[in-house]
Each structure stands twice: as C-alpha cells, then as structure tokens.
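Visitor: So that we are looking at the same thing, I have put the structure below in structure tokens.
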Amino acid sequence: MAKVQLILVGGFLGAGKTTLLGKAAARLSAAGRTVGLVTNDQAEDLVDTQVLRACGFRVQEVGGGCFCCRFADLVGATDKLIAEHRPDVLIGEPVGSCTDLAATVLRPLQRFYPGRYAVAPFSVVVDPERLEDLLSSKATSPLAEKVLYIYGKQLEEADVILLNKSDAISAERAEALAAMLAMRFPAAKVMAISALEDSGVDEWLEFLQRSAAGGARVMEVDYGTYAEGEALLGWLNASVRVRARAAQDWKALGLKLLQELRTRFAASKAEVAHVKLALTAEGTALTGSLTSTRGHPFLIVQGEAGAPSSEALLLVNARVQSEPEALKQTVRAALDAWAGEDLELDVSAMRNFAPAPPQPTHRFAEPETCTVEGNPCATIRDLFRPKRKQHRRA
Ligand SMILES: Nc1nc2c(ncn2[C@@H]2O[C@H](COP(=O)(O)OP(=O)(O)OP(=O)(O)O)[C@@H](O)[C@H]2O)c(=O)[nH]1
Ligand SMILES: [Mg+2]
C-alpha cells in the first residue's frame with residue numbers, strides 16, 4: 001500500500017492552524033486528493049472539530065492531551081481515517097500550547113511505521129501581531145515568560161515557519177518579519193501566507209511535496225519550564241443550549257458575547273491566548289474568535305446565513321492566561337451578562353482546568369542535530385536578541 005502523506009501543522013494558540021487545515025484540505029480535495037484531518041486538544045467538545053466537519057471534511061479528534069502524550073490515540077485516529085477513507089493526505093493540528101513534536105511525534109511515527117506515513121516537513125504557523133508584541137522592547141508582553149518559552153521552542157523546531165495573516169499587515173511589515181525569522185532560524189523555510197484569504201497555501205503545499213521528510217530538528221527542552229508554562233494557561237470548554245423568546249440574529253449575538261468576554265478578561269488582566277466559539281442554529285453555523293485581549297472579535301458565517309431562529313447550540317473553548325477557577329467565573333459572568341433577560345442558558349457541560357505536565361509516550365531526541373544556536377532554554381525574546389560579541393581573555 002502507498003504511504004499516506006502526513007502533514008503536522010503546529011504553532012501557538014490562535015495563529016491560524018485550523019483555518020489553514022481547512023484551506024489546505026479544500027485545495028487538495030479540489031485537486032482530486034482524498035484528505036483526512038486530525039484535531040487535538042486537552043479536552044473534548046472542540047470548536048475546531050465542529051468547524052472542520054461543518055465544511056464537509058473527514059475529521060478525527062484526539063482529546064485528553066497533546067499528540068505527544070496521546071501517541072497511540074493519534075495512530076488510532078489516522079488508522080480509522082485510513083481504513084474508512086483511504087486518504088492520500090492526512091493533516092493534523094496539535095494543541096497550540098504543545099512543543100517538542102519532532103522528537104515525540106514525527107520521529108516515533110517514522111521509526112515505528114516506516115511504511116505507513118510519508119512525514120512532511122513540520123510546519124509552524126505564526127501570528128504576526130503576537131510575534132511583534134512578544135518582540136517589542138517597549139511593551140512588556142502580556143504573556144508570561146514561561147509561556148513565551150513554549151512559543152520560542154515551537155519556532156525552534158520548525159522545518160517551515162508560516163508567517164500567517166499577511167493580509168492583516170502591510171507588505172513591508174510582512175517582509176521585515178519574514179526576514180527576521182529567516183535570519184534567526186536559517187535552517188527553516190519561511191513563507192508569508194494568508195490562510196484566511198487562501199494566499200500562499202498552494203506554494204506551501206508544493207514546497208512540502210518536493211521536500212525531504214520533516215522532524216529532523218529536535219532540540220533540548222526543559223520539561224519543567226514547559227509544564228509550568230502550559231499550566232499558566234487556563235483551559236475551559238463549555239457546551240450551552242441557548243433559547244430565546246423571539247428569533248435572534250446569532251451573528252450579532254456571537255459578537256456581543258466575544259466583546260463581553262474580552263472586556264471581562266481585560267479588566268482582570270487575564271491575557272487571552274484564544275477564545276473560540278461555535279454557534280449552531282437552524283440553518284446557521286457561526287464561528288467566532290478572539291486571539292488576544294486587545295484584539296478584535298472575529299466572526300465567520302459558514303455556509304448560508306439561515307433565517308433568524310430562537311434556539312442555538314453554543315460551544316465555548318477558552319484558552320486564557322488565568323487560574324482555571326477564575327476563568328470559569330469570568331466565563332459564567334460573561335454568559336449571564338450576555339443572556340440578560342432575553343436568553344435562557346442551559347449549560348450541559350463545562351470543564352475548566354490547567355493542562356497536566358506533558359509526559360510524551362516516546363521521545364527520540366538527538367540534541368546535536370539542533371541547528372539553532374544559543375541557550376537551549378531561551379525564551380522567544382532571547383532567540384531574537386542580537387548576539388553579544390565574544391570577548392576572549394588575552
Ligand atoms: N486576518 C487573518 N485572520 C486569520 C488568518 N488565518 C486565521 N485567521 C483568524 O485567526 C483566528 C484564529 O484562527 P484559528 O485557525 O482558529 O487558529 P488556531 O491556530 O487553530 O487556534 P487554536 O486551535 O486555538 O490553537 C480566527 O479568527 C481566524 O479567522 C489569516 O490568514 N488572516
Ligand atoms: Mg485550531
């Protein structure tokens with residue numbers, strides 16, 4: 001049997017991975033290739049899975065931990081897709097707070113299943129606003145140093161760095177950021193794309209086709225710092241049935257909820273990594289997103305906007321730099337304020353937690369293959385800091 005191409009798309013929360021998965025799957029399907037997608041999270045009730053399924057793609061979900069800690073589940077998910085659909089290409093999106101995927105996922109897949117997967121270069125998606133924010137010497141980053149440590153490690157192991165959302169910044173800024181990334185990570189291929197506007201996606205897919213296998217760049221990782229960084233991010237997944245007395249404009253309501261959440265997180269100085277919501281009403285599927293506390297809520301209507309209706313199912317996935325209990329209280333308060341007198345909410349599930357320390361099933365690491373110079377425990381700012389001159393003693 002021919003090998004199935006396996007593309008992993010990593011990168012920090014909110015960078016645009018799911019958007020890229022959807023666009024890539026659409027391009028590949030249009031070219032006559034069968035595609036299977038694998039989503040991943042620390043918990044279930046995923047907006048990403050719902051969004052991609054609503055687009056008609058075949059999706060398997062790996063919940064309860066990152067691909068690295070759920071290696072067998074990842075293999076099981078790909079097996080299911082292979083058995084049911086015989087895909088040519090599988091695209092997986094690991095959790096946005098996860099790193100060290102070359103050593104813990106790509107290499108083990110290559111070693112244990114050499115005849116099954118053709119592992120593509122590991123692609124890491126970057127949000128330019130977040131990157132600039134982190135690099136700015138004036139502003140202190142709203143994300144903690146230990147969270148930035150994960151961000152830096154994600155870039156360090158990339159075979160391909162995709163500077164996404166290039167539609168949202170000037171061509172000059174995109175060029176400058178791409179040049180900076182290329183200088184700091186010379187072994188990685190840097191490409192500016194816009195997943196949303198489908199620009200650069202074909203070029204990226206073509207690059208993967210003609211490149212050698214991915215995951216060569218394994219690195220040293222301080223798992224203590226990594227675990228502490230992840231634990232600083234509160235996680236909340238909620239599923240809520242919403243009923244209204246009269247038919248509602250769910251798009252306006254979705255935006256209102258995101259604004260309500262943003263105001264409350266900003267007031268409590270809890271930086272949003274990514275708050276996603278999916279609102280499904282009769283004939284309408286909406287996805288909403290907030291990728292920083294200062295960012296603008298963004299809402300997409302999938303398919304045709306249906307006629308106003310009085311009932312909807314709401315999924316909320318919030319990843320915020322916050323204690324899990326405080327996160328839950330903020331989301332509850334925002335939901336109550338949003339509902340007011342007009343909406344009746346029935347919360348059928350709400351899980352809040354901090355991710356457990358990562359414990360990869362396998363780890364095949366040869367640090368000497370790491371091509372990034374400098375302190376292996378550097379945070380993102382250290383990685384971009386100009387190198388100091390070496391002073392030799394006479
Ligand atoms: N302007 C612009 N927005 C984008 C682009 N790609 C993604 N977005 C938006 O960025 C937000 C986050 O996108 P996602 O694809 O959900 O990000 P993600 O990396 O999958 O996020 P997590 O699953 O939380 O890690 C959404 O509002 C997208 O519409 C892009 O190319 N341009
Ligand atoms: Mg996603």
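The values are calculated or read from the model by the stated rules, or taken from the named source; none is laboratory data. Everything numeric here is computed off the predicted structure, so don't read it as measured data. When we count neighbours, we look across all protein chains shown, and the Cβ atoms used for this are built from the backbone with ideal geometry, even at glycine. Accessible surface areas use protein heavy atoms only, side chains included; no ligands, DNA or RNA. Shrake-Rupley method; radii C 1.70, N 1.55, O 1.52, S 1.80 Å.
Visitor: Looking only at residues in region 293-309 that are among the small types (Gly, Ala, Ser) and either modelled with pLDDT of 95 or more or open to solvent by less than 20 Å² (accessible area, probe 1.4 Å) (or both), which one is nearest to residue 240 (Cα to Cα)?
Guide: Out of the qualifying residues, it is 309.
Visitor: Filter region 1-21 down to the residues that are within 11 Å of ligand 2 (Cβ to nearest atom) and of a type in the set (S, T, N, Q), then identify the one that is surrounded by the most Cβ atoms within 10 Å (Cβ to Cβ).
Guide: Within region 1-21, the match that is surrounded by the most Cβ atoms within 10 Å (Cβ to Cβ) is 18.
Visitor: Can you find a residue in region 84-102 that is part of a helix (DSSP H, G or I) and either more than 20 Å from residue 5 (Cβ to Cβ) or within 16 Å of ligand 2 (Cβ to nearest atom) (or both)?
Guide: Among the residues of region 84-102, at least one is part of a helix (DSSP H, G or I) and either more than 20 Å from residue 5 (Cβ to Cβ) or within 16 Å of ligand 2 (Cβ to nearest atom) (or both), which makes the answer yes.
Visitor: Collect the residues in region 16-38 that are touching a helix residue (DSSP H, G or I) at 6+ places or on another chain (Cβ under 7 Å) and assigned to a loop (DSSP other than H, G, I, E, B), keeping them in residue-number order.
Guide: 34
Visitor: Here's another thing I want to ask about it. Restricting to region 164-182, count the residues that are part of a helix (DSSP H, G or I), among the charged types (D, E, K, R) and within 19 Å of the chain's Cα centre (by Cα).
Guide: 1
Visitor: A follow-up question, please. Looking at region 108-141, which of its residues are out of contact with any helix residue (DSSP H, G or I) (no Cβ under 9 Å at 6 or more places or on another chain) and assigned to a helix (DSSP H, G or I)?
Guide: 110, 111, 133
Visitor: Those residues that are charged (D, E, K, R) and within 15 Å of the chain's Cα centre (by Cα), I need them from region 33-43; list them, please.
Guide: Within region 33-43, just 41 meets the criteria.
Visitor: Same structure, new question: Is it fair to say residue 124 is under 20 Å from residue 189 (Cβ atoms), open to solvent by less than 10 Å² (accessible area, probe 1.4 Å) and of a type in the set (Val, Ile, Thr)?
Guide: yes
Visitor: Answer yes or no as to whether residue 287 is open to solvent by 50 Å² or more (accessible area, probe 1.4 Å), touching a residue at least 40 places away in the same chain (Cβ under 8 Å) and out of contact with any Cys (no Cβ under 6 Å at 6 or more places or on another chain).
Guide: No: the conditions fail for residue 287.
Visitor: Determine whether region 201-214 contains at least one residue that is within 15 Å of ligand 1 (Cβ to nearest atom), closer than 20 Å to residue 122 by Cβ and open to solvent by 10 Å² or more (accessible area, probe 1.4 Å).
Guide: Among the residues of region 201-214, at least one is within 15 Å of ligand 1 (Cβ to nearest atom), closer than 20 Å to residue 122 by Cβ and open to solvent by 10 Å² or more (accessible area, probe 1.4 Å), which makes the answer yes.
Visitor: Then there is this: Could you tell me which residue of region 310-359 is nearest to residue 270 (Cα to Cα), considering only residues that are open to solvent by 70 Å² or more (accessible area, probe 1.4 Å) and basic (Lys, Arg)?
Guide: 332
Visitor: Any idea how many residues of region 12-49 are among the hydroxyl-bearing types (Ser, Thr, Tyr), near ligand 1 (Cβ under 10 Å from one of its atoms) and either touching a strand residue (DSSP E or B) at 6+ places or on another chain (Cβ under 8 Å) or over 19 Å from residue 286 (Cβ atoms) (or both)?
Guide: Within region 12-49, residues that are among the hydroxyl-bearing types (Ser, Thr, Tyr), near ligand 1 (Cβ under 10 Å from one of its atoms) and either touching a strand residue (DSSP E or B) at 6+ places or on another chain (Cβ under 8 Å) or over 19 Å from residue 286 (Cβ atoms) (or both) number 2.
Visitor: Let me ask something else about it. Please specify each residue of region 39-78 satisfying the condition of being assigned to a helix (DSSP H, G or I), farther than 19 Å from residue 20 by Cβ and open to solvent by 60 Å² or more (accessible area, probe 1.4 Å).
Guide: Of everything in region 39-78, those that are assigned to a helix (DSSP H, G or I), farther than 19 Å from residue 20 by Cβ and open to solvent by 60 Å² or more (accessible area, probe 1.4 Å) turn out to be 72, 73.
Visitor: Oh, and also: Could you list all residues from region 22-48 that are at pLDDT 95 or above, within 12 Å of ligand 2 (Cβ to nearest atom) and among the hydrophobic types (A, V, I, L, M, F, W, C)?
Guide: Result: 37, 38.
Visitor: Any residue at all in region 107-127 that's free of Cβ contacts under 8 Å to residues at least 60 places away in the same chain and polar (S, T, N, Q)?
Guide: no
Visitor: Right, another one. For region 90-147, how many residues are touching a Gly at 6+ places or on another chain (Cβ under 7 Å) and acidic (Asp, Glu)?
Guide: Adding up the residues that qualify gives 1.
Visitor: Now for a separate question. Out of curiosity, is residue 230 open to solvent by less than 10 Å² (accessible area, probe 1.4 Å) and of a type in the set (Asp, Glu)?
Guide: In short, yes.
Visitor: So in region 183-198, with the set limited to residues that are of a type outside the set (A, V, I, L, M) and within 19 Å of the chain's Cα centre (by Cα), which one is surrounded by the most Cβ atoms within 10 Å (Cβ to Cβ)?
Guide: 194
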